[in-house]
Structure formats: C-alpha cells, structure tokens
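Each value in this text was obtained by applying a stated rule to the coordinates, not by laboratory testing. Bear in mind the structure is a predicted one, so any value in this text is a computation, not a measurement. Here the Cβ is made from the backbone with ideal geometry for all residues, glycine too, and neighbour counts use every protein chain on show.
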Amino acid sequence: MNLSNLKPAEGSTKTRKRIGRGAGSGLGGTSTKGHKGQKSRSGYSKKIGFEGGQMPIQRRLPKFGFKNINRVEFKAINIDTLQQLADAQKVSKIGIEELVNAGFISSNQLVKILGKGTLTAKLEVSAHAFSKTAESAIQAAGGTVVKL
C-alpha cells in the first residue's frame, strides 16, 4: 500500500448531479426545474415567510402588548431568606456579596428585598431596593437598611 493506490471506502462517496450539461446527460433541457414559471428563472428567491400569495402567518396573527425598554428587573429576596442566611452563616451584615456567595443571585443582578416571613436577627441589609414592609420589618428588628 502506498499513496498512489489509496481510495475512499466502497460506497462512501457519490458523484453530484451535474445539472444542465446537455440532453445526453438526462439532466439537460429544463435542468430539473420544470416548465416556465417564476421558480424556473435565474435569480429567483422568495421572500421570508412567503406562502404562495396566501396571507402569511405573521400577518394573520394579531399583535398585542409591548415590551417596556426602560424596565428594571429585580431579583426578589424575602426577609425569611435573610433570616435563614443570618442563622446559617452567623452574620450581621448582608449585602450583595453575601447573597452571591450563598447562591441566591448572580453578581450582575439587581436585588429587591421583600417582606414575606419574619425577621428576628438584627441585620444591616444593603440592596438596590426594598419594599415598605421589608424596610419596616428590618428596622423593627433593630437592623438598618442601606439602599445601593
């Protein structure tokens, strides 16, 4: 065996159809495009979503609602979660870094503290936003609120 007698395995390669190379090839004449019509012409391309003249689906379906480009999305964390975190890690300060390390948020998320649950620990909580109930619950437990 040498480089001059290497060939691909039997049946692993196929010859492509050479369309439009004369009548003798069996693929001449209309070159598999049928007779006349827009699709037989050179340069034919249909519009995206074209359905043969039928009203396309993106025009049949109704449009509704809108996306507010100024929306600010917060990750909601309840005060009972803060209480669990304070109990587990024995901390008095809870900020973004502590929440990231505990796996509650990712580092680029904005945090809003909500008032579900009860808080007994005296905590200094820093976050981007607070609900009124959460703010009053933290202060009632003797803690402080820091808005970032």
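Below is a table of values for the structure above.
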| item | result |
| --- | --- |
| Other-chain or far-sequence residues with amide H under 5 Å of residue 143's (modelled H) | 123 |
| Extension gain (nm, one decimal) between residue 70 and residue 47, 0.36 nm per residue minus Cα-Cα | 4.9 nm |
| Lysines whose Cα lies under 21 Å from that of residue 67, excluding same-chain neighbours fewer than 8 positions away | 75 |
| Efficiency of FRET from Cβ geometry, residue 54 and residue 33, R₀ 30 Å, rounded to 0.05 | 0.85 |
| Exposure proxy ranking, count of Cβ atoms within 10 Å, fewest first, for 110, 61, 119 | 61, 110, 119 |
| Sequence-distant lysines (8 or more away, or on other chains) whose Cα lies within less than 22 Å of residue 47 | 33, 36, 39, 63 |
| Charge dipole magnitude, Cβ of K and R +1, D and E -1 - the chain, Cα centre, debye nearest 20 | 1860 debye |
| For region 31-39, Karplus couplings with θ = phi - 60° (6.51, -1.76, 1.60), whole Hz, Gly/Pro x | 6, 6, 9, x, 9, 6, x, 4, 5 |
| Cβ-based charge dipole, the chain, positive-most Cα from 141, 85, 15 | 15 |
| Filtered trypsin sites (Lys or Arg not before Pro), region 46-148: DSSP coil and at most 11 other beta carbons within 10 Å | 46, 47, 63, 67, 71, 90 |
| Order by protection proxy (mean Cβ within 10 Å, highest first), peptides 21-29, 3-11, 138-146, 123-131 | 123-131, 138-146, 21-29, 3-11 |
